[in-house]
1. If you go through the stretch 87-101 one residue at a time, how many are surrounded by fewer than 23 Cβ atoms within 10 Å (Cβ to Cβ) and either of a type in the set (Ser, Thr, Tyr) or in a helix (DSSP H, G or I) (or both)?
2. Mind checking which residues of the stretch 105-135 are within 17 Å of His273 (Cα to Cα) and assigned to a helix (DSSP H, G or I)?
3. Considering only residues that are surrounded by fewer than 20 Cβ atoms within 10 Å (Cβ to Cβ) and at pLDDT 95 or above, look in the stretch 244-267 and name the one that is farthest from the ligand (Cβ to nearest atom).
4. Please indicate, with yes or no, whether at least one residue in the stretch 139-150 is in a strand (DSSP E or B), among the charged types (D, E, K, R) and out of contact with any Gly (no Cβ under 9 Å at 6 or more places or on another chain).
5. Since Pro162 meets every condition but one in (1) away from the ligand (no atom under 16 Å from the Cβ); (2) of a type outside the set (A, V, I, L, M, F, W, C); (3) in a helix (DSSP H, G or I), which condition does it not meet?
6. With Gly269, Gly208, Gly226 as the choices, which residue is in contact with a Pro (Cβ under 7 Å, 6 or more places away or on another chain) and over 19 Å from Pro155 (Cα atoms)?
7. Filter the stretch 43-66 down to the residues that are buried (at least 17 other Cβ atoms within 10 Å of the Cβ) and under 22 Å from Arg189 (Cα atoms), then identify the one that is modelled with the lowest pLDDT.
Amino acid sequence: MSVETILVFGEADESGPSGLTLELLAAARDLATKAEVFVVGDGAAAASELGAHGASTVYSTGVLDGKLMGVHAAATLQAHLDSNPVDAVFFGQTPDGRDTAARLAVRLDQPVITNNVGAVIEDGALVVEEPVFGGTQNVFTAFRNEGPSLALFRPKSFEAEPTGSGAAEVVPVDFVDPGAAGSATVTGRHIEERSGPQLDDAEVVVSGGRGLGQPEAYEMVDELAGLLGAASGASRAIVDAGWVPYAKQVGQTGKVVKPNVYVACGISGATQHLVGMKGSKNIIAINKDPEAPIFGVADLGIVGDVHKVIPALIEALKAR
Ligand SMILES: Cc1cc2nc3c(=O)[nH]c(=O)nc-3n(C[C@H](O)[C@H](O)[C@H](O)COP(=O)(O)OP(=O)(O)OC[C@H]3O[C@@H](n4cnc5c(N)ncnc54)[C@H](O)[C@@H]3O)c2cc1C
């Protein structure tokens, strides 16, 4: 069963649409006859990739210079939806996605459901799935409102997959004056330095937790990750302790990862950590406590001391 049209709030930069935008597009395509994308930015530059992932139309506002995205995006989207009604608007659970969806919900006086990991159409209504209680239960909510269903989804909830279609049609959209809030300007941006494989899309992730004992021991995790061509991650315990930056945190309040291989070193497997990595294809856990919950999701468990097991792995990899 499907609905007529789902509009994806697309996020794109000079390197193209974000991975999350393509994931949402895959879901929109599955659930609706027509999947469209609304890009606050240079939608034309992203049109061929968006088209290849199944978008029929890309609405493009052009670049928003030095202004607060959510304010202008919500006002412009509201006007757009007035003349181009859709069944649902999908947003990524990102800072701009959250800001825009919240403002749009108020402007349209429609409900918005955040933090979802799945969606289906039942009896013509969008039903979204949201994990609660640290990911131990899932709540399914059906939209029953008259008007577009506004839903936000976590990264990696759907798999991005090209359809092989041609470029999407690009339709320019004029910005709408959002009123007084529009005078806010962005005074600075901090772009975090990134090198090597990134947590979000690495094929292999090696994460460390409190079982490492001390911050210096995280170097072993980094070294093992380097030898495996992996990204390094962390539990919240060692992020909160200031051993590693928040950008490395995996879990409910960190990143959701779904690599081919996830190696958890000295991580107990609290539910809040598991929701961020249990979708990994193969999970390897190293923990000295045979009763640690992480072994409940592990495909391969090594009961042992990280200070012995990781150096032995590093040595074995170097010897290859
Ligand atoms: C609202 C909320 C949100 C949260 N969000 C997140 C989140 O996003 N991500 C997250 O990770 N956590 C999150 N947490 C915290 C979570 O509940 C746990 O406290 C945290 O995951 C524990 O981290 P840890 O496994 O590194 O530490 P611990 O739970 O202390 O586990 C350490 C493990 O290391 C093992 N160990 C000790 N020494 C060794 C050794 N020498 N060799 C091998 N193993 C050893 C121990 O047996 C133990 O299993 C959240 C909590 C709340 C309340």
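The values are calculated or read from the model by the stated rules, or taken from the named source; none is laboratory data. Computed from a prediction, not measured in an experiment: that's the story for all the values here. Here the Cβ positions follow ideal geometry from the backbone for every residue, glycine too, while neighbour counts run over all protein chains shown.
1. 5
2. Answer for the stretch 105-135, where residues must be within 17 Å of His273 (Cα to Cα) and assigned to a helix (DSSP H, G or I): Phe133, Gly134, Gly135.
3. In this case the residue turns out to be Asn260.
4. Within the stretch 139-150 (the criterion being in a strand (DSSP E or B), among the charged types (D, E, K, R) and out of contact with any Gly (no Cβ under 9 Å at 6 or more places or on another chain)), the answer is no, since none of the residues qualifies.
5. Here Pro162 clears every test but (3).
6. After applying the criteria, what remains is Gly269.
7. The selected residue is Gly43.
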